């Protein structure tokens, strides 16, 4: 019988690259207050509700998000399994309608910001100084179109530059995704993902106990001050995902 | 905004060096700039350096640090350095991030920066003069 953690990861990896699937799972487990080493079957319902809160940050399209949660939900005891767990996991997401019973679906809607609308503005692969500038420009342009004023445009562009530069300086390869948030509130999300060595102690960096020669600590702490929300998921060897959001006031 | 691909110009004006930075700065350009400016300082009779950033719309922590290093390096070589033309939105963002640039003189614009350099030069001349008078 495959490990429950592996099964959940398998379901998530149909939607994300492996490194990011792990980051998403960790983030959800943390939100759900669950043990992040080993998931028991009885934890699954808690995990599903944690995922419902976490996933909007990662999967913008509500339909696709529903599918992804449906896949994890099906791992719960008593839920009909769409596929035997031994079937090969497709690397590319398979489109299928989520089999959530009607009464469940409505309760899901109640918890999940299901009216949460968003639109991907673009992805910049970060491998050179030029890409940093591109991420910065894309963030500014998206912020401007959303109606942010010049000062906030500048803050948002600075954050994109900061996050992209961290990828360039510390990992050398990664992605910056810019998303326009629309419902319930308009805003912008900048997500920086890499699969590098990770930050050993995020808390230390954010508290100001760590300061690198190139000023990374300052950059991340500064980023937090410029945005409304900042979420960092990192673990040694497993890469780093930073999600920063700013909402229109 | 376009990326500054070419080298950033270093303009000699009387005994000052003026470095106007426009647009987004790629890191390698910044590294080249530092070595070129210090070379010019060493080779010619330079008294002041102005780095004008009025054409820059985003400064992150890394570029800010580079800018500060450039100014402090010049100062260590005996050259007064001023950063001028920081845009309001950029200045506010830096302060909010906690990235003030201590030890670096700043000026509203290029004109004020040159005035500042001249005042510094006059001050230096006066203190020399006083030293000479004392000796006499």
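All of the numbers you see were taken from the coordinates with simple rules; none came from a lab. None of these values were measured; they are calculated from a predicted model. Please note: Cβ atoms are built from the backbone with ideal geometry, for glycine as well, and neighbour counts cover all protein chains shown.
Between residue A:228 and residue B:135, the distance separating the two model label sites (each 7 Å from Cα on the Cα→Cβ line) works out to 6.7 nm. As a calculated quantity, the FRET efficiency between residue B:42 and residue A:53 at R0 = 56 Å, using C-beta atoms, amounts to about 0.40.
Given 4 °C and 1.567 mPa s, how large is the Stokes-Einstein diffusion coefficient of the stretch A:118-188 in µm²/s, with Rh as the Kirkwood radius over Cα pairs? Result for D is 108 µm²/s. Annotation: the antiparallel percentage among DSSP beta bridges lying fully within chain B is about 15. Approximating the spin labels as points 7 Å out from Cα along Cα→Cβ, the residue A:204-to-residue B:13 distance works out to 4.7 nm. For the stretch B:89-127 and the stretch A:135-159, what is the separation of their C-alpha centers, rounded to whole Å? Centre-to-centre (Cα) distance: 27 Å. Measure nothing fancy, just the Cα-based angle from helix B:61-76's long axis to the longest principal axis of chain B, in degrees from 0 to 90, nearest 10. It is inclined by approximately 20 degrees. Given R0 = 30 Å, the distance between the Cβ atoms of residue A:31 and residue A:125 translates into a calculated FRET efficiency of 0.55.
Tell me, what is a quarter of the convex hull surface for the C-alpha atoms of the stretch B:1-120, in nm² with one decimal? Please list the in-between numbers first.
Working: hull surface 26.9 nm².
Result: 6.7 nm².
Ignore the peptide's own chain and count Cβ atoms of other chains within 10 Å of each Cβ in A:148-156; give me the average, rounded.
Details: counts 0, 1, 4, 6, 2, 3, 11, 7, 2.
Going residue by residue through A:148-156 and averaging, the value is 4.
Label positions at residue A:182 and residue A:61, each projected 7 Å from the Cα along the C-beta direction, are separated by 1.4 nm. Cα-based values for the stretch B:36-96, radius of gyration first and Dmax second, are 12.6, 39 Å.
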